Ligand code: G6P
């Protein structure tokens, strides 16, 4: 569809693609539903994944961050051990593999050379491989045994947004379908919960002014910014930091809340922005404890929490969704904050310096 690659009234592809996320998730549900409304994945794929004793997710950049979240979804629901690896490292430093490994390559473009180099090695070893990609017929899709598509439509902005949430959507469906195939009963209805996610995304896409204010307040002059979180929120923090550095050139790092005290806290100075994410009840108090630690050293805290866990000191609250799916919604304020930070700093949002949409060299 040609209209997919037009900016329309949007000033940037990135903003358009952020706004498309509710639609992308709704479309994804449809694409993976059978005529009875149940989520399904090709039987061959599920059988192959079911036979594996361990899954190895291999990816780069934003897709790697999606892999970190996806691994949690699969372990929690399907009770299969999952390892997540950066492609360029795995390529030179392959870990000792389990007896029956299955590889999952996550790649928006399906063309990333680092990931392809691993796929070539894996195929030589005779292991099965599944590619999760946005591009049908891409190299990684053609060369792997199986493919799951993101159906996100073309992503033009270099900074990945809708592909990330679509990757999380597909991985949640894979986790749920695999869980059922393995005889585990789910305590929730994923179709319904992904629908709630899509609605929450819409609410967030309508909070642009509020998020622009946050970007102005915390990021207009700073040289650096830290993102902290625990469990799922830590992984989202990694992605938030990547978005911010990619397009605004603010030095940004994501950390596990509990790791701060082992080094990073030394970098906190008067006014250093620290964006803390709290969507997981189990670690809400611990992450808020970490916020107190950085505030005591002068940090300027911006807490993004989920409705139900919010307190008066929070800067932004996202609607309640299934905790396992929270990254699909908590990433949206981070995407928009990065977008506005880049805009306020006169950066080229869609084509940041030194970066390419897909990197086809190792
Ligand atoms: C490039 C892009 C990133 C992307 C990464 C992996 O570095 O700039 O935005 O996350 O490649 O791309 P892939 O297409 O494999 O998901």
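FYI, it's all coordinate maths here, none of it is from the lab. Please read these numbers as outputs of a predicted model, since none were measured by experiment. Neighbour counts are summed over all protein chains in view; Cβ atoms, including those assigned to glycine, are modelled from backbone coordinates with ideal geometry.
Quick look at the values:
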{"quantity": "Using a Förster distance of 51 Å, the FRET efficiency for residue 113-residue 259 (Cβ separation, nearest 0.05)", "calculated": "0.95"}
{"quantity": "Förster radius 22 Å - calculated FRET efficiency between residue 142 and residue 43 (Cβ-Cβ, nearest 0.05)", "calculated": "0.55"}
{"quantity": "Added length on full extension, which subtracts the Cα-Cα distance from 0.36 nm per residue, residue 151 to residue 224", "calculated": "22.8 nm"}
{"quantity": "Largest-first ellipsoid semi-axes for the chain, taking √(5λ) over the Cα gyration tensor eigenvalues, angstrom", "calculated": "31, 22, 21"}
{"quantity": "Size of segment 305-362 as Cα extents on the principal axes (Å, biggest first)", "calculated": "44, 29, 14"}
{"quantity": "Helix 208-219 vs. the chain, principal-axis angle (Cα, 0 to 90°, nearest 10)", "calculated": "70"}
{"quantity": "Segment residue 295-residue 199, extension gain: residue separation times 0.36 nm, minus the distance between their alpha carbons", "calculated": "31.2 nm"}
{"quantity": "Long-range Cα-Cα pairs in segment 92-227 (distance over 27 Å), rounded percent", "calculated": "40"}
{"quantity": "Share of pairwise Cα separations in segment 67-126, more than 18 Å, in percent", "calculated": "38"}
{"quantity": "Degrees, to the nearest 10: 61-78 long Cα axis against longest axis of the chain", "calculated": "70"}
{"quantity": "Square roots of 5 times each gyration tensor eigenvalue, C-alpha, segment 1-152, largest first, Å", "calculated": "28, 19, 14"}
{"quantity": "Dimensionless Rg/Rh of segment 206-268 - Kirkwood Rh, Rg from C-alpha atoms", "calculated": "1.00"}
{"quantity": "Paramagnetic label zone (point 7 Å from Cα along Cα-to-C-beta, residue 269; backbone N under 16 Å) in segment 282-310", "calculated": "297-300"}
{"quantity": "222 nm mean residue ellipticity, helices alone, for the chain (DSSP H n ≥ 4; -39,500 (n - 2.57); rounded to 500)", "calculated": "-14500 deg cm²/dmol"}
{"quantity": "Gaussian network model of the chain, Cα within-10 Å springs - most flexible of 95, 273, 301", "calculated": "95"}
{"quantity": "Antiparallel DSSP beta bridges within the chain, percent to nearest 5", "calculated": "5"}
{"quantity": "Mean separation of Cα contacts under 8 Å (6+ apart) over length of segment 275-362, as relative contact order %", "calculated": "21"}
{"quantity": "Segment 194-306 - Kirkwood radius from inverse mean 1/r over Cα pairs (Å)", "calculated": "14.4"}
{"quantity": "Rounded tilt (10° steps) of 281-295 against the dominant C-alpha axis of the chain", "calculated": "40"}
{"quantity": "Relative contact order %, the chain, counting alpha carbon pairs below 8 Å whose residues are six or more apart", "calculated": "19"}
{"quantity": "Where only C-alpha atoms are counted, convex hull volume of segment 249-323 per residue in Å³", "calculated": "102"}
{"quantity": "Candidates 212, 281, 75: whichever shows maximal mean-square fluctuation once the chain is modelled as a Gaussian network with Cα springs under 10 Å", "calculated": "281"}
{"quantity": "Residues of segment 244-264 with amide N under 17 Å of the 7 Å Cα→Cβ point at residue 311", "calculated": "257-258"}
{"quantity": "Of 272, 320, 221, the one that fluctuates the most in a GNM where the chain has Cα springs shorter than 10 Å", "calculated": "221"}
{"quantity": "Radius of gyration, Dmax [segment 1-86; alpha carbons; angstrom]", "calculated": "16.8, 49"}
{"quantity": "Length-normalised contact order for segment 185-282 - Cα pairs under 8 Å, 6+ apart - percent", "calculated": "30"}
